[in-house]
Structure formats: C-alpha cells, structure tokens
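Scroll down for the structure; my scribbles are underneath it.
The values are calculated or read from the model by the stated rules, or taken from the named source; none is laboratory data. Being a predicted model, the structure only gives us computed values, none of them experimental. All Cβ positions, even for glycine, are placed from backbone atoms using ideal geometry, and neighbour counts span all protein chains on display.
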C-alpha cells in the first residue's frame, strides 16, 4: 500500500535534515560538530525548532511503512531486504566516504594530539572512519527497530497490538505524549548520545501500531490545523526556555516540555501531510527516488565544502550559511546520478540492485 503523503513527508524531512546540518556545523551552544567554526548565535534558532521532532517523524514514517511492507511479505523476507537497502550502505559508506568526514574533524580537533606522524596510516584511516559515521546512525537505529518489530510479530501472531492501536481516539493519541516522555529515559547509550534506543523504538512502534491505521491518519488530518497551531506555540516556548543550552544534551531531551513539543509536532506533521500532501507528481516521484541518496551523501559533502570554504578559500562564516545549501542543491543530484550508473557503488552506497 503506497501512500504519496508518506513519500512526500520523507523527502521533505530529509531536505530539512540537510538544512539543519548547515546551521548545526556552526552552532554556538556546544553541540559537537566536525568543523569547528564559530557561527552566528542568532542563527541557532532553526536547530531548536527542528531537533526535538524531525528524526522522530522519520522513525514514525518508517514504522508505518513497515506495517504495509509486512502485509505483503514474511519477517525473514522483510529483514533480508533491509540488509541490502540499509545495512550494507550503512557500513560501506563509513569506509568509502565516512573517512573523509573524520579527516576533516582531525584538521580542526587534532584527534591524535600532535602525534599523527607516529600513528600507522591504517590506524588513522580506521579512526577517521569511526569519526565519520555522521548521519548513518539513523540506519543503524532503524535496523534495530525493525529487528525488534519482527520479534514482536512472532510473539503477537494474532496481531492484537495493531488492533488495539486502531481503537485509539484523539484524546488517547494526545495522552501518548506520556509514552514518548517515558521512552526518553530508556536505553540511552552513555557516550554516543544520538543512539536514543528507547525513544526511537517508541516512535517506530507508534508508527507501526497506531499511525498505520487509515482512520487514524484521517483523524490526524482533521485535527492538523489545531496541532500545527499548538506545535507552533510550543516551538516558541521550547526555544525560549532552552535558548543558549545544548539542545542535544540528554537532560534537555528528557524534559517534559521537550517531549510535549516533539509529540505534538509529530502529530502536526503527519496530519498536515495526510491533509495537504497526499498527491503525486513528476517532481515528487523524482524527489522520493533520491531521498535516500540525499540523506546519506549530503553530510560528508557538506563537511568537505565547509572545510574548503574555511581553510582554502577563507570565506566569512555568514556567507557559508547562504552558500552551503545552494552548493548541496547543485552538487547532490549529479553525484547521485553518477553513483546510480556505477553498479558496485549503486549497491554499496544507495542499496540498489
């Protein structure tokens, strides 16, 4: 079952991720980046507005799509496809491209403490690779969610969880913000805080169990103007409350206000997508077919461009905010087209056949 609004939301959020990463590289609040260039503090605002919810929505969309996929294939077939489309690219890109991001990080952070000349080349390459995982964490986290889902389906052979999700009304859906808040405390990795296992598993399962129901999607569409207004107000309140703080710190991500904003923003985005974006055109088909490539390739390209503009061309930082999105828009389409024409790279980087 293909729903155009899900494809449109997916590529739209991927574009937001790319824009977010432009502002993120120059953040002034202590979030770790690859290029250590002081930015303009006032331009941190988009980071606060986007960070609490945009990846959560991607996991919800993935959960919805998982439901539709598993209606047509077994769990084994489903995971086999994910190995090709997710696992292989998420590992191969680290070693083919990710090292360049780690290398840029080394130019700014001096990873080896001035002793780089004494470190064997292979060791440096491997450390650069591990420092260049970047956006690939999403594919790793998503695969974990998909494995957990297949295990749940084996235990829930009569599909009772999904049937239960279909009974939810709008007040119940709103109250599930408590579930999101609770999940923010569960299974967080201690060092690499981006792997918020409990939170993203909750979002993925919410997509599968709850938001994959047609009538619940229609319910969200009905309430979309209200949830958009509420999430807009919460965005302002959240930004004012946490302004100047590290918005990616776990303590802030566990806050009730953060999760309240995240939940209603997710409801608003899904509802607005169903209400206004459930259509397909030649442009949307083009973008949907390239959203994966944009996601996995934009970040290393962005980091290299930022390094070149800073270290080689000495551009002022304000110009980078303007030029980097334009350069990504110009360079990513031909780069993706080139990779698609090379079979081995198409498989390793884009997960294609």
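Of the residues 63, 98, the single one that is under 19 Å from the mean Cα position of the chain (by Cα) and under 19 Å from residue 205 (Cα atoms) is 63.
Against the condition closer than 23 Å to residue 105 by Cβ, out of contact with any strand residue (DSSP E or B) (no Cβ under 8 Å at 6 or more places or on another chain) and touching a residue at least 24 places away in the same chain (Cβ under 8 Å), how does residue 328 come out, does it pass?
Values: closer than 23 Å to residue 105 by Cβ: yes; out of contact with any strand residue (DSSP E or B) (no Cβ under 8 Å at 6 or more places or on another chain): yes; touching a residue at least 24 places away in the same chain (Cβ under 8 Å): yes.
It is true that residue 328 is closer than 23 Å to residue 105 by Cβ, out of contact with any strand residue (DSSP E or B) (no Cβ under 8 Å at 6 or more places or on another chain) and touching a residue at least 24 places away in the same chain (Cβ under 8 Å).
For residue 160, the conditions (1) modelled with pLDDT of 95 or more; (2) within 25 Å of the chain's Cα centre (by Cα) are fulfilled apart from (2).
Here is a check on your reading of the model: is residue 110 at pLDDT below 95 and at positive phi? Spelling it out, residue 110 is indeed at pLDDT below 95 and at positive phi.
Checking each residue in the stretch 330-345 for being surrounded by fewer than 16 Cβ atoms within 10 Å (Cβ to Cβ) and farther than 15 Å from residue 299 by Cα picks out 334, 337, 338, 341, 342, 343, 344, 345.
Kindly check whether there is at least one residue in the stretch 297-305 that is surrounded by fewer than 17 Cβ atoms within 10 Å (Cβ to Cβ), modelled with pLDDT of 95 or more and assigned to a helix (DSSP H, G or I).
Checking the stretch 297-305: not a single residue is surrounded by fewer than 17 Cβ atoms within 10 Å (Cβ to Cβ), modelled with pLDDT of 95 or more and assigned to a helix (DSSP H, G or I).
Every listed requirement among (1) in contact (Cβ under 8 Å) with a residue 40 or more places away in the chain; (2) more than 12 Å from residue 12 (Cβ to Cβ) is met by residue 286 save one, (1). One residue stands out among those in the stretch 306-325 that are surrounded by fewer than 17 Cβ atoms within 10 Å (Cβ to Cβ) and touching a residue at least 24 places away in the same chain (Cβ under 8 Å): the one that is farthest from residue 17 (Cα to Cα), which is 311.
What do you reckon, is residue 238 in contact (Cβ under 8 Å) with a residue 24 or more places away in the chain, crowded, with 17+ Cβ neighbours inside 10 Å and part of a loop (DSSP other than H, G, I, E, B)? Full working, then the answer.
On the way: in contact (Cβ under 8 Å) with a residue 24 or more places away in the chain: yes; crowded, with 17+ Cβ neighbours inside 10 Å: yes; part of a loop (DSSP other than H, G, I, E, B): no.
Considered against the rule, which asks whether it is in contact (Cβ under 8 Å) with a residue 24 or more places away in the chain, crowded, with 17+ Cβ neighbours inside 10 Å and part of a loop (DSSP other than H, G, I, E, B), residue 238 comes out as no.
Among the conditions (1) in contact with a helix residue (DSSP H, G or I) (Cβ under 6 Å, 6 or more places away or on another chain); (2) within 20 Å of residue 245 (Cα to Cα); (3) at pLDDT 95 or above, residue 37 misses just one, which is (3). Return the residue satisfying two criteria in turn: it lies in the stretch 20-43 and is without any contact (Cβ under 8 Å) to a residue 60 or more places away in the chain and either within 26 Å of residue 300 (Cβ to Cβ) or touching a strand residue (DSSP E or B) at 6+ places or on another chain (Cβ under 9 Å) (or both), and of such residues it is surrounded by the most Cβ atoms within 10 Å (Cβ to Cβ). Filtering the stretch 20-43 for residues that are without any contact (Cβ under 8 Å) to a residue 60 or more places away in the chain and either within 26 Å of residue 300 (Cβ to Cβ) or touching a strand residue (DSSP E or B) at 6+ places or on another chain (Cβ under 9 Å) (or both), the one surrounded by the most Cβ atoms within 10 Å (Cβ to Cβ) comes out as 24.
Residue check, residue 96 against (1) surrounded by fewer than 18 Cβ atoms within 10 Å (Cβ to Cβ); (2) within 30 Å of residue 274 (Cα to Cα); (3) at pLDDT 95 or above, all met but one. Which one? With respect to (1) surrounded by fewer than 18 Cβ atoms within 10 Å (Cβ to Cβ); (2) within 30 Å of residue 274 (Cα to Cα); (3) at pLDDT 95 or above, residue 96 is out only on (2).
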